[in-house]
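Here's the structure we're looking at; comments come further down.
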Amino acid sequence: MASAVSLSVFRLRLAPILFQKLLGVQTAFITSAAKMSDNDSNSAWRREYKNGESPFLLEENIPHNPTTLFDQWFRNVADQRDLMFEEVNAVALSTCCNNKPSTRMVLLKSYSPEGFVFYTNYTSRKGRELDENPFWPKVHRQIRIEGRVEKAPVEWADKYWNSRPVAARIGSKASDQSKPVESRVVLEARKAELEKVAEANGDEAITKPDHWGGFILKPEYYEFWQGQSNRLHDRIVFSRSADEEGVKPVEDGWHMKRICP
Ligand SMILES: Cc1cc2nc3c(=O)[nH]c(=O)nc-3n(C[C@H](O)[C@H](O)[C@H](O)COP(=O)(O)O)c2cc1C
């Protein structure tokens with residue numbers, strides 16, 4: 001089965017969120033951008049991409065291991081919380097089934113050389129699409145990660161579920177994610193019912209539904225992108241495949257190459 005799953009982690013996470021919001025009004029947006037170009041005010045949107053610490057992404061200055069480089073970049077972003085939104089671990093998850101790509105944000109809950117873990121409802125649209133097609137895409141810095149997803153062990157989901165505030169557990173349990181619901185009132189009623197259960201029997205009575213759990217993305221491809229001035233950006237790729245043009249072997253069975261921006 002043709003598969004495509006990708007995860008994007010953004011330094012300026014507003015970009016994907018805005019992009020998703022703008023998709024619905026794309027025509028209106030393009031029209032207004034065209035109007036703006038009439039009076040040149042769109043130059044205000046242009047940003048020079050500069051990274052003060054490491055101006056260029058050069059092979060000789062970076063770890064030859066994508067897991068280590070991912071960790072460096074993620075920590076660097078996490079250290080700059082004041083520059084962005086609170087949830088630095090929000091990532092864009094793309095699925096693709098029947099030639100229809102679909103992207104939404106999820107929260108990255110952990111990562112290691114084994115993969116990238118996020119939690120969701122297995123019966124939601126993404127849950128079903130990940131089952132059907134278990135593969136997985138980020139400003140001045142962006143990291144694109146592609147690979148195959150697997151369901152994470154249920155013990156991980158149990159542990160994470162139990163660590164969540166009871167209100168979040170109630171929210172997930174009350175929601176048949178991606179299914180139609182008649183009104184917000186129906187959702188509020190389900191929530192109120194579960195709140196009663198928690199009041200009567202304690203928070204632990206809000207147990208994890210079987211259809212809620214983690215996915216782990218097993219990376220097969222990483223692309224580290226660093227924005228540069230005049231759009232001559234850096235793009236360094238790590239892949240598992242030795243057969244691609246221009247790759248050379250580096251650490252832990254990875255192959256590295258530079259690609260054009
Ligand atoms: C910043 C942010 C973080 C989110 N994190 C999650 C998450 O960790 N798990 C999840 O199931 N949905 C999360 N959502 C909601 C999803 O984007 C999406 O609306 C929902 O999972 C249903 O997607 P689907 O119908 O494609 O399955 C998040 C949304 C935003 C904006």
Residue check, Ile170 touching an Asp or Glu at 6+ places or on another chain (Cβ under 9 Å) and closer than 30 Å to Pro66 by Cα: no
Whichever residue in the range 111-130 is among the charged types (D, E, K, R) and more than 6 Å from the ligand (Cβ to nearest atom) and, among such residues, is farthest from Asp176 (Cα to Cα): Glu114
Those strands (runs of 3 or more DSSP E) lying entirely in the range 149-261 with at least 3 residues buried (at least 17 other Cβ atoms within 10 Å of the Cβ) and within 16 Å of the ligand (Cβ to nearest atom): 212-226
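Where a number appears in this text, it was derived from the coordinates with a stated rule and is not lab data. A quick note: this is a predicted structure, and the numbers were derived from the prediction, not measured. Cβ sites come from the backbone with ideal geometry, for glycine too, and all protein chains shown count toward neighbours.
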